[in-house]
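Colleague: Have a look at this one.
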There are 2 protein chains.
Amino acid sequence: MAVYTDVSDEDIARFVAEYDIGNVISFKGIAEGVENTNFLLQTDQAPFILTLYEKRVNPDDLPFYLGLMDHLSSKGLNCPTPIHGTDGVALRRLCGRPAAITSFLNGMSPRRIQPHHCAGLGTATAQLHTAGQDFDIYLGNAFGVKGWRPLFESCRSDANGVQPGLEQMIEVELDFLEANWPHHLPAGVIHADLFPDNVFFFPGQDDVSGVIDFYFACNDLLAYDLAICMNAWCFEPDNSFNVTKARNLLSSYGKVRPLSGDELAALPILARGASLRFLLTRLYDWINTPKDALVTPKNPREYINKLRFHQRVDSASAYGLSEE
Amino acid sequence: MAVYTDVSDEDIARFVAEYDIGNVISFKGIAEGVENTNFLLQTDQAPFILTLYEKRVNPDDLPFYLGLMDHLSSKGLNCPTPIHGTDGVALRRLCGRPAAITSFLNGMSPRRIQPHHCAGLGTATAQLHTAGQDFDIYLGNAFGVKGWRPLFESCRSDANGVQPGLEQMIEVELDFLEANWPHHLPAGVIHADLFPDNVFFFPGQDDVSGVIDFYFACNDLLAYDLAICMNAWCFEPDNSFNVTKARNLLSSYGKVRPLSGDELAALPILARGASLRFLLTRLYDWINTPKDALVTPKNPREYINKLRFHQRVDSASAYGLSEE
């Protein structure tokens, strides 16, 4: 939630002239997106989002992200559509950074998650997974099971300072997940960051109105995306698990893309993996974010609690579904 | 440039229901306004700005600010127009804070000031002063000549830490300004914060498309507003004074509201006062802003240089105009 790069009125007018989207009439930095700088760009034709990709996004991966949004939009998903310049190019440069203009999505992130939001999320996630099946670029998950150990090694010496015993807890969990990870499950394009910030609804409506921020999207197990969603949407602020929300999420997903018995059986371990992934990245950010940074790092402890919850789960029935 | 208060999707939907402006379809925090929290609010009718007034704005002064914007809008000035609820009330409360919705102004703040911007600014400032003449609420200038000494007393002990000798420099200047301030000049409503951030243009056009942020507006000497503008718009990044920009500012102003000989003669002392005012408030913020604040305080040294420049000026001819 920050504007890392200043763009002048002259720069933006010159940049917009490379598109066939009218003349810029307003241009404001918005507090959206932790990794990149986002501007709301109004032209005399429509509102757009201009994103400048900051250093945490690998420029080599941008063709995957923009291509994926193009692909999903063409399949009818409500996600930002990259706008191509008059030369056909969507990924350009502005103020020394990779930059792209995308369509503007209406809707709002829900703050207080209700069970009906989780049902809408399940449907949208299954639609995304289905629409992504024939996308032809491959990008591995940098924050998948293979990425966790190097991440852990880079910050393990500080773990016990965050919570006593955390270093050993992570090490044991990592050993378990690496030994038991269900690599054989259906895979494809996942969003990998479907937190409420990235999912829009219209007030009082059940259906998702749009999904944004595809900059962690990658190829991985489809059900792993659901595990990330469970962690992000189905725990209450007091860390208790809301099984109604989980059931809504999983059953709505299953109506669009039925989950196999293997996927259901693997949900507890996938949820442990999803907990460890965000525990590790939050731990890393917690340790490495300078005190004067524009963005306040998120507390990793929330994900210790989620990991402990899933460690005690032995079947998907704990998530409100029975394994048939 | 910060979002100090989080507003949920449910809060905003309830709040907007008190107006006849349609249903909210999008709602984003924007990086605009240092003192308040601003959101871009899109309804199915139009875009609006929602402002939550944070603690640096005195709630007692809000009827002046909102009434002034209403008044100036009704006179045809392009400034945010307060939107009244269905009960007729414009100033409401949201998330425990005073809050108001205003119209959305197109246009962009110029980053690299060109002489033509200063001409447009002069015209807009004179129009604002003229339109404000029959506004019937009075609000004294908390940052006017009478406010400088208490501000100085509150931070004088830290002044020399910012620049050696600064405490004495300010004290001597303050004595001079209090003894020689031209209280007899034409007075009225001034904006008092016409920095480029608060003045919008369309790219490549000379006329001001809109003026925002009236939360320092007050009653004071009209020509003092111009002195603030000269400091904010007519110095180059290397601190040199651009006399072409000043001439454009003052001569365009004079075509709408002619400056009297007394006002012209007083410009150097008004400009010294305008320099001291921002030197003092920046000094205060520099000393009192916590290191982890969302907003980085502006360096006060810039205004030491401006003050020194105006101390060496003995007539308005230094600003590109002759005293007739």
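The values are calculated or read from the model by the stated rules, or taken from the named source; none is laboratory data. Being a predicted model, the structure only gives us computed values, none of them experimental. We place every Cβ from the backbone using ideal geometry, glycine too, and count neighbours over all the protein chains shown.
Colleague: From the list B:Asp213, B:Asp238, B:Asp262, B:Asp206, pick out the single residue that is among the acidic types (Asp, Glu), farther than 27 Å from A:Ala13 by Cβ and either part of a loop (DSSP other than H, G, I, E, B) or modelled with pLDDT of 95 or more (or both). I'd like the intermediate steps shown before the answer.
Modeller: Details: B:Asp213 fails: farther than 27 Å from A:Ala13 by Cβ; B:Asp238 fails: farther than 27 Å from A:Ala13 by Cβ; B:Asp206 fails: farther than 27 Å from A:Ala13 by Cβ.
When all the criteria are applied, what remains is B:Asp262.
Colleague: Being among the β-branched types (Val, Ile, Thr) and within 16 Å of the chain's Cα centre (by Cα): is that true of B:Val189 here? Outline the logic, then answer.
Modeller: On the way: among the β-branched types (Val, Ile, Thr): yes; within 16 Å of the chain's Cα centre (by Cα): yes.
Yes, satisfied.
Colleague: For residues in the stretch A:190-203 being part of a loop (DSSP other than H, G, I, E, B) and out of contact with any helix residue (DSSP H, G or I) (no Cβ under 7 Å at 6 or more places or on another chain), which is nearest to the other protein chains (Cβ to nearest Cβ)? Spell out the reasoning first.
Modeller: As a first pass, look at the stretch A:190-203 and keep what is part of a loop (DSSP other than H, G, I, E, B): A:191-195, A:202-203.
Still in the list and also out of contact with any helix residue (DSSP H, G or I) (no Cβ under 7 Å at 6 or more places or on another chain): A:193, A:202.
Details: A:Asp193: 18, A:Phe202: 7 Å.
Among those residues, the one meeting the criterion is A:Phe202.
Colleague: Let me ask something additional. How many residues, within the stretch B:44-53, are within 10 Å of another protein chain (Cβ to nearest Cβ) and assigned to a strand (DSSP E or B)?
Modeller: Residues in the stretch B:44-53 being within 10 Å of another protein chain (Cβ to nearest Cβ) and assigned to a strand (DSSP E or B): 2 in total.
Colleague: Taking the options B:Ile304, B:Ile287, name whichever one is among the hydrophobic types (A, V, I, L, M, F, W, C) and surrounded by fewer than 17 Cβ atoms within 10 Å (Cβ to Cβ).
Modeller: Working: B:Ile304 fails: surrounded by fewer than 17 Cβ atoms within 10 Å (Cβ to Cβ).
The match here is B:Ile287.
Colleague: I'd like the residue in the stretch A:77-95 that is farther than 18 Å from A:Phe39 by Cα and free of Cβ contacts under 8 Å to residues at least 12 places away in the same chain and, out of all such residues, is farthest from the other protein chains (Cβ to nearest Cβ).
Modeller: Here is the first cut: in the stretch A:77-95, the ones farther than 18 Å from A:Phe39 by Cα are A:77-78, A:86-89.
Now narrow it down to the ones that are free of Cβ contacts under 8 Å to residues at least 12 places away in the same chain: A:88-89.
Details: A:Gly88: 25, A:Val89: 22 Å.
The residue in question is A:Gly88.
Colleague: If you scan the stretch B:57-82, which residues turn out to be in contact with a Gly (Cβ under 9 Å, 6 or more places away or on another chain) and either of a type in the set (A, V, I, L, M) or outside any loop (DSSP other than H, G, I, E, B) (or both)? Break it down into steps so the answer makes sense when it comes.
Modeller: Keep residues of the stretch B:57-82 that are in contact with a Gly (Cβ under 9 Å, 6 or more places away or on another chain), which gives B:68, B:71-72, B:75, B:77-80, B:82.
Residues satisfying the conditions are B:Leu68, B:His71, B:Leu72, B:Leu77, B:Pro82.
Colleague: Among the residues of the stretch B:7-34, count how many are assigned to a helix (DSSP H, G or I), buried (at least 19 other Cβ atoms within 10 Å of the Cβ) and within 10 Å of chain A (Cβ to nearest Cβ). Please lay out each step first, then the result.
Modeller: First pass over the stretch B:7-34, keeping only residues assigned to a helix (DSSP H, G or I): B:9-16.
Next cut, buried (at least 19 other Cβ atoms within 10 Å of the Cβ) only: B:9, B:12, B:15-16.
Now restrict to residues that are within 10 Å of chain A (Cβ to nearest Cβ): B:9, B:12, B:16.
The qualifying residues number 3.
Colleague: A follow-up question, please. Out of everything in the stretch B:96-151 that is of a type in the set (A, V, I, L, M, F, W, C) and within 14 Å of chain A (Cβ to nearest Cβ), what residue ends up being farthest from B:Lys55 (Cα to Cα)? Outline the logic, then answer.
Modeller: Step one: filter the stretch B:96-151 for residues of a type in the set (A, V, I, L, M, F, W, C), giving B:99-101, B:104-105, B:108, B:113, B:118-119, B:121, B:124, B:126, B:128, B:131, B:135, B:137, B:139, B:142-143, B:145, B:148, B:151.
Restricting the remaining residues to those that are within 14 Å of chain A (Cβ to nearest Cβ) gives B:104-105, B:108, B:113.
Numbers: B:Phe104: 23, B:Leu105: 25, B:Met108: 27, B:Ile113: 32 Å.
This residue is B:Ile113.
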